[in-house]
Structures are given as C-alpha cells and as structure tokens.
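A quick write-up on the structure given underneath.
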Amino acid sequence: MLDKNTPKQSQIIMDNQGVLRSSAKIAGLDGLRGLAASIVLVTHMSNWGFHLFPGFDLRGIGRSGVVLFFVLSSFLLTSQVLSWPVPLLLNPKRWLDYLEARIFRIWPLFLFVLAFSLGTSYLHLFPVLWRAAPLFRDLPVPMPWDSLQEHLLMKKGEDILWTIPVEFKFYLLLPLILLAILIPLRDYLVVAISVLFIAILTTFWLIPVADGGVDTFPFIGVFLTGILLAFVRRSDIEKGNKSCPILYEALAWLCFAIFVCLIPSVYFSITNMPTPFTEAKSHSFYATLWAFMILCMLRGTGFMRQILDSRLLVFLGMISFSLYLWHRIPINLMHRLTYFHQIDFIPAEMKAGIILLVSIGIAYTSYAAIERPIIRWKANRRKSAKIT
C-alpha cells in the first residue's frame, strides 16, 4: 500500500477516457468526514444531557460539523470536475453521469430512512405493537403522510433531514456554477480564484442566514468556499507549491485549536461569556475556518493528515452518511428509556457510551446493507462500460 503522504499524492495521471485524475486519494479527508459526523453525534448527545465524560458539554457545535460536511462535499466534487478536459466539460452525458452518481449516493438511503420513519410514525395503528409505540414511535424523525410528500419534493427537512435538500439542490447548482467559471477562466486560475473570493464575500454579506430551512441559497457561501478551496488546491498542484510546510502544519493545528476554544462550554470557561458564534450566525466563520484548516493541512508536513487517516476516523468517515441519518434513534431511545422507565441507576457517561456504540453499530449495518452494495454496483457498471 502506498504511503498516502508521499509526493505521489499530488501527481496527475491520465485515465483511458482522457480525464486527468489525482494518482491517489488525499490523505485525511475521509477522517475529516468522520470528524464531521462525530461532531454532529456528540453535540446531539450533549443536547439531551448524555456527555461522554463529566462536564464534557459539547452543545452548540452541531452546525459547525454540518458546515464541514458542506465544505468537504463541494471541495471534492469541484476537484473532480477541475480534472476534466474541455470536451468533457461541454459533454451533457458527462454531467448526466455526475448527476446519476449523486442521486445513487444520496437517495437510496434517504428513501429508506423516510420509509422507516413513516413506519414508526404509524406504529400505534398496529395492535400487536401498540405497547411499544410510545418508545419506538417517530424514529429517527416524525414522518406523517403529508410530511413525506414534502420531504420527497425537497420542500421540507424534519430535524436532521434538513441537510439533504440543501445539499442535493447544491448538486444541481454546481454544474452551472462551474461552467460559468471554467468556460471563460479555465486557463486563468488566479482570476477564477479572485472571482470566487469576491462572490463568497458578497454572499456572506447579502444573503441572510436561515436557521432550520431547506433552501440552499443561505448556504451558498459555504459551498462556494469549498469550490474556492478546490481551485486553490488545483493551483498548488499545477505550481508544485511546497513552501513552508512546518508553518502550514502549525496553522492547521491553530485552526483546530480555535474550533475547540469556541465550543460554547469551553469558551465560557475561558472568558465567562457566551460564544459570539451562535448556531445560526456561524456559517461564514466555520466555512472559512474549516477551509483554511484543510488548505494548511494539505500544504503541511502531513502530521495532521496522518492522525485524520487513522483507521478509526477513516472508518467513521466511511459510515458517516449512515451515522448522520440514524444516530437519532439510540439518542431518542435512551432519552425515552430514562424518562419513561426511570433507568437513572445507569450513569449518564455510561448511557453516552452505549449511545455511541449503538449509533456506530447501526450506521455500519446500514452502510453494509444499503450504501456499500450500491457503491459496488456503480463501480461494476463503470468497469463494464470501460470494457465495452
């Protein structure tokens, strides 16, 4: 197995379709996805009083994990498109393939979660199961029939499901954004980067934040930040930017330290004041912080990448989508068991550990049963298409 931190990491090769691709996956990005899912999980646990350690209160950082997801998603998708030669950029079939890949990556599991939620929302209608209805009803989210239609039309996102319409609508916007930039400015990366930077400042300034909505435009600055990161990374690859890796590594860790210090409980313990970055007003700040951390990590010595590339974080990154969609079940079940059945004899930290393990178990089962077969099916289809 290749060392993921060798110079081969940034080499460019040509595949049999004439598409320029990176010679290897970028070390650390899967781990970052795992970190993002973990942030959402632990903050939702803390919201219900389930802290992994005494005083380990992580309420108020869930939105920062979602922003990290959005920045990573736009960065990775844009990085793929930037490797396409001009003929592919103007090829409608290529964009249809892109859209098909996004649909098969998101919708199968999303539909399964909707169906599962619908079943648990009407659990009380089944006489055999009515005794269990108070405990298992509305898991992972409430889903009456009228709400189901709105979710399918991407008009609504109950609880954690709000991110799905936001991100999927961005998938539809991304081709338009990239074509508008790449057709006139493909050979002028500096100009393209400048245009994106101005667009990000403009959107963060002009577009109001919508807390809990399913519109993509309030988050367009976050997605544009990921796009900008991909353009800067592309420029680094083409120019072979290897200046001051120790400095960049230090800056990457400084960004992470800032994130830790801004956890509301940590910030209050340091300053005795509430954090200035509330959930609804933190998009622009955290998008900038994560993007700069990722850029510095990629330019750094590789120490952060090695940690993020650990087996645990890569595993969490692999199951991150399932972990995000299913983690409400063990949290809600533990909460209901605590208050309906008075299981207060179990310490809160032990309950948190049980929630964590059950969440990971459910997520891996979901990944193995739903996500992985579809990923393999798509890979086999691509191989068959190349052979023919």
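The table that follows gives values for the structure above.
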{"read-out": "Selected from L125, L323, L72 as most flexible by GNM, with the chain as the system and alpha-carbon contacts under 10 Å", "value": "L125"}
{"read-out": "Relative packing of 257-265, 184-192, which averages over residues the other C-beta atoms within 10 Å, highest first", "value": "257-265, 184-192"}
{"read-out": "Likely footprinting exposure, Y339, Y171, fewest C-beta neighbours within 10 Å first", "value": "Y339, Y171"}
{"read-out": "Nearest 10 degrees, 0 to 90: helix 62-82 Cα axis against the chain principal axis", "value": "30"}
{"read-out": "Theoretical ellipticity at 222 nm over the chain - DSSP helices of four or more residues, -39500 (n - 2.57) apiece, nearest 500", "value": "-21500 deg cm²/dmol"}
{"read-out": "Protection proxy ranking of 80-93, 130-143 - average other beta-carbon atoms within 10 Å, highest first", "value": "130-143, 80-93"}
{"read-out": "Likely footprinting exposure, V266, V71, fewest C-beta neighbours within 10 Å first", "value": "V266, V71"}
{"read-out": "Segment 178-264: C-alpha gyration tensor shape, a/c 1.5 cut-off, then a/b vs b/c", "value": "oblate"}
{"read-out": "Segment 13-387: relative contact order in percent, alpha carbon pairs under 8 Å with at least 6 residues between", "value": "29"}
{"read-out": "V86-F56 FRET efficiency (beta carbon distance; Förster radius 35 Å; 0.05 resolution)", "value": "0.10"}
{"read-out": "Set of aspartates and glutamates near K25 by C-alpha distance (under 18 Å), chain-local residues within fewer than 8 positions excluded", "value": "D3, D15, D236, E238, D309"}
{"read-out": "Helix 220-239 axis, angle to the chain major axis (alpha carbon atoms, nearest 10°)", "value": "40"}
{"read-out": "For the chain, built as a Gaussian network whose Cα springs stay under 10 Å, the top-fluctuating residue of H151, H124, H44", "value": "H124"}
{"read-out": "Segment 269-388: C-alpha gyration tensor shape, a/c 1.5 cut-off, then a/b vs b/c", "value": "oblate"}
{"read-out": "Electrostatic dipole magnitude of the chain [Cβ: Lys, Arg +1; Asp, Glu -1; Cα centre; debye, to 20]", "value": "1140"}
{"read-out": "Global geometry of segment 49-113, whether rounded, prolate or oblate, following the gyration tensor of its Cα atoms and the 1.5 cut on a/c", "value": "oblate"}
{"read-out": "Listed residues A348, H124, L99: farthest to the positive end of the dipole of segment 13-387 (Cβ charges)", "value": "L99"}
{"read-out": "Top of L325, L357, L298 by mean-square fluctuation, Gaussian network on the chain, Cα under 10 Å", "value": "L357"}
{"read-out": "Residues S194, S147 arranged by fewest to most Cβ contacts within 10 Å", "value": "S194, S147"}
{"read-out": "Structure-derived Cα extents along the principal axes in Å: which label, when the choices are [x] 96, 43, 42; [y] 87, 46, 34; [z] 64, 56, 47", "value": "[z]"}
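Computed from the coordinates by the stated procedures, all read-outs in this text should not be read as laboratory data. Keep in mind the model is a prediction, meaning the values are calculated, not measured. Cβ: placed from backbone, ideal geometry, glycine included. Neighbour counts: every protein chain shown.
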